[in-house]
Amino acid sequence: MSGAAERSGDKRPAQTLDALPVAALRGVGPRSAEKLAGFGLETVQDILFHLPRRYEDRTRIVPIGRLRSGDHAVIEADVDLAEVKFGKRRSLLVRVSDGSGSLLLRFFHFSRAQQQNFARGARLRIYGEVRRGPAMAEMVHPEYQRLAEDERLAVEERLTPIYPTTEGLHQLTLRKLGEQAVDMLQPGRLNEWLPDGLLAQLDFTDLLSALRYVHRPPPDADVTALEEGVHPSQQRLAFEELLAHHLSLRRVRLRARHLQAEPLVTRSQLLQAFFAQLPFELTDAQRRVIDELLADLAQPHPMMRLVQGDVGSGKTVVAAAAAIQAVSCGCQVAVMAPTELLAEQHFSNFEGWFASLGVKVGWLSGRVKGKARRQVLEALAGGELQMVIGTHALFQDDVAFRRLALVVIDEQHRFGVHQRLALRDKGRAGDSVPHQLIMTATPIPRTLSMALYADLDASVIDELPPGRTPVQTVAISENRRAEVVQRVRQACGEGRQVYWVCTLIEESESLQCQAAEDTATALAEALPELSVGLVHGRMKDSDKTRRMAEFKRGDIDLLVATTVIEVGVDVPNASLMIVENAERLGLSQLHQLRGRVGRGSAQSSCVLMYRAPLSKMARKRLAVMRESNDGFEIARQDLELRGPGEVLGTRQTGMMAFRIADLLRDRPLVDKVEAAAEQLLDKYPERVGSIIRRWLGHAPRYGQV
Ligand code: ADP
Ligand code: MG
């Protein structure tokens, strides 16, 4: 067995650590090997790249008087008092003191034997996290050790690494494995994949020293730097990790180049006719992006392009141009949106634009059932429908196309990479796949797009249609509601329309809808001269659609809505938006909502009503909204305030699970990743796979085309 060979000395050339199974480590039998494998740890290399999440400083004893809430610290103190409390939960409370102050230890699980450790006067070495308690500072379930009368116990020499664990895998086990793995770190056993030139250029230490340092920081380690993740050893590893992520997406993209796609080259009348019947002139930005799309579509390889454009920048018409191009080549197009409402909005837009051109557009959502559904499916399979618009329902197994050549996905940020690829495969025939166009109104800051969307080419619509005036935004405390109502009256009196958005106060959709109903009733009473409508998430889709259509026609002056209107509603005459409980919403959601006004030429405003007192974060968010109308700036601030995992939403958090890198903190590294990737792909293509494997394991979400 390799484990035996490992321990019996140098008779055979030592295996490289990426090929050495964890079973080679002491204390790892078949059962724990299996457990480790389940956690993605199969080789000694995997153990080495399972990096500490943080460190604990057990190198010195801290006087109780100097502890602050949140500190992880070692203390040495005497027991003053121990008692069992029978409250809501039985707990053991132990008060200890060290001359500089007192601290309470709190245990919810304890044995009689443990209790006896806490005899009055007993001396303890304690390690734990300090929290503020009702009476004094506390540690809940600290680690502790009883010391004999005059016992002097040495403190740890080094920072203690804390590894990510999982159920059934103990911190201590991982620490021991980490130690053994570090002992095996000898030159020749672990490949350095970064080229020497790059290491020198970036002034990075070599891989072995970096790994040794982070697993086993020397006694004189720079604690602050390590805790903040900015020590050169950590930065060197973070860089390699970012590089691995970037490379894996680049590989997806490169592989796509080897796939075929229908080249959509016909320069037909249809596209000209489409442009000619638009009621507006395209902006330069729209024109430029359309040209980029048409150039991509003409290639015999699949387009994979992300179109970013702020809310209201006019992405739909750009997508429509691409769709028309596909249709004029005799192909079919699928347009998918994340919500029914948004999909419907597209459907009515596209139908309006395309009907006079003789292009047939179908509609498919989860609600289309029975005969209606069968008809759509037949028309798609038979090719009578040139286009279909809908929700996820489009990608169910029984939906087949005759000749699907373009897939358009709106609001990309709600779908993940693997979903995106799965969708594309819908139109796959052998090595030929449809072109893909992805549109997002959530501007993705460069840092994120580099790490997450490197498999896509990007186009930006960086210009709003002319005649739009930026929305004026104010934040008003909700006890000035009467003034706000007055404002609504005035706007509607001038022939304008108003949105009143009720946001989630309770964590329940039905309560939210109830709140919206109550608000609508109250507003209808306060504003008897206005026609007040209501849409909320619990209404039937057909009712929602009808209500929105009434609002669009101007039959409704004031529309009370839950956040269902967040995306996809287009009513240029609406020039005022009131958002209740605005302090509860994130920046991107507020920006999306606000984008529903300011679509016509009238001066538009947005009133963010809040309930005092505001948290610091909420105050910052509202300030950002007041100061900026620029989606990119807002996204940047959002990233700053919340961090990338949050910004991308739960669906994407899996992808954001970096081991050591942090997109915000490591932004300067991110900027260097691209050039490094070029260099590797160009000069050392054989290393690329190894780098990806080392950091991303065999995660199926990457590298699959
Ligand atoms: P978004 O980028 O948010 O999806 P839309 O495509 O919904 O934006 O466009 C917003 C509104 O602007 C729509 O009413 C659309 O018809 C209109 N629009 C799009 N392009 C132009 C343009 N070049 N000039 C004037 N209005 C435009
Ligand atoms: Mg849109």
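The values are calculated or read from the model by the stated rules, or taken from the named source; none is laboratory data. Note that the structure is a prediction, hence the values are computed from the model and not measured. Cβ: placed from backbone, ideal geometry, glycine included. Neighbour counts: every protein chain shown. Areas reflect the complete protein model, heavy atoms only, side chains present, ligands, DNA and RNA absent. Shrake-Rupley method; radii C 1.70, N 1.55, O 1.52, S 1.80 Å.
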Q. From the list Arg305, Arg287, which residue is of a type in the set (Lys, Arg) and either within 25 Å of Asp425 (Cβ to Cβ) or crowded, with 17+ Cβ neighbours inside 10 Å (or both)?
A. Arg305
Q | Count of residues meeting criterion [modelled with pLDDT of 85 or more, part of a loop (DSSP other than H, G, I, E, B) and either within 17 Å of Val501 (Cα to Cα) or not small (Gly, Ala, Ser) (or both)] in segment 540-556 | A | 2
Q. Among the residues of segment 78-93, is there at least one that is in contact (Cβ under 8 Å) with a residue 40 or more places away in the chain, of a type in the set (Asp, Glu) and at negative phi?
A. yes
Q | Selection status of Leu159, modelled with pLDDT under 85 and of a type outside the set (Asp, Glu) | A | no
**Q.** When residues of segment 189-234 are limited to those that are part of a helix (DSSP H, G or I), free of Cβ contacts under 8 Å to residues at least 60 places away in the same chain and charged (D, E, K, R), the one surrounded by the fewest Cβ atoms within 10 Å (Cβ to Cβ)
**A.** Asp196
**Q.** Among (1) within 28 Å of the chain's Cα centre (by Cα); (2) crowded, with 23+ Cβ neighbours inside 10 Å - the single one Val317 does not satisfy
**A.** (2)
Q. Taking strands (runs of 3 or more DSSP E) that fall entirely within segment 278-368, which contain at least 3 residues that are closer than 26 Å to Leu456 by Cβ and within 13 Å of ligand 1 (Cβ to nearest atom)?
A. 304-309
**Q.** Any hit, segment 612-628, residues being under 22 Å from Asp518 (Cβ atoms), of a type outside the set (Gly, Ala, Ser) and away from ligand 1 (no atom under 16 Å from the Cβ)
**A.** no
Q.
Which of the numbered conditions does Phe275 fail, given that it passes all the others? Conditions: (1) open to solvent by less than 20 Å² (accessible area, probe 1.4 Å); (2) within 12 Å of ligand 1 (Cβ to nearest atom); (3) among the aromatic types (Phe, Trp, Tyr).
A. (1)
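If you check Ala244, Ala238, Ala295, which single one turns out to be more than 16 Å from ligand 2 (Cβ to nearest atom), in contact with an Asp or Glu (Cβ under 6 Å, 6 or more places away or on another chain) and not charged (D, E, K, R)? Walk me through it before giving the result.
Numbers: Ala244 fails: in contact with an Asp or Glu (Cβ under 6 Å, 6 or more places away or on another chain); Ala295 fails: in contact with an Asp or Glu (Cβ under 6 Å, 6 or more places away or on another chain).
On inspection, the qualifying residue turns out to be Ala238.
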Q. What's the number of the condition Ile47 fails, among (1) open to solvent by 60 Å² or more (accessible area, probe 1.4 Å); (2) more than 20 Å from Arg131 (Cα to Cα); (3) out of contact with any Ser or Thr (no Cβ under 7 Å at 6 or more places or on another chain); (4) not charged (D, E, K, R)?
A. (1)
Q | Residues of segment 560-575 satisfying the condition of being within 11 Å of ligand 1 (Cβ to nearest atom), open to solvent by less than 10 Å² (accessible area, probe 1.4 Å) and modelled with pLDDT of 85 or more | A | Val571
(Q) On the basis of being within 21 Å of Gly598 (Cα to Cα), part of a loop (DSSP other than H, G, I, E, B) and within 36 Å of the chain's Cα centre (by Cα), does Thr473 make the cut? (A) no
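Select from segment 70-90 the residues that are of a type outside the set (Lys, Arg) and either touching a helix residue (DSSP H, G or I) at 6+ places or on another chain (Cβ under 8 Å) or at pLDDT below 90 (or both) and list them in ascending order.
Taking segment 70-90 first, the residues of a type outside the set (Lys, Arg) are 70-84, 86-87.
Scanning segment 70-90 gives Gly70, Asp71, His72, Ile75, Ala77, Ala82, Val84, Phe86, Gly87.
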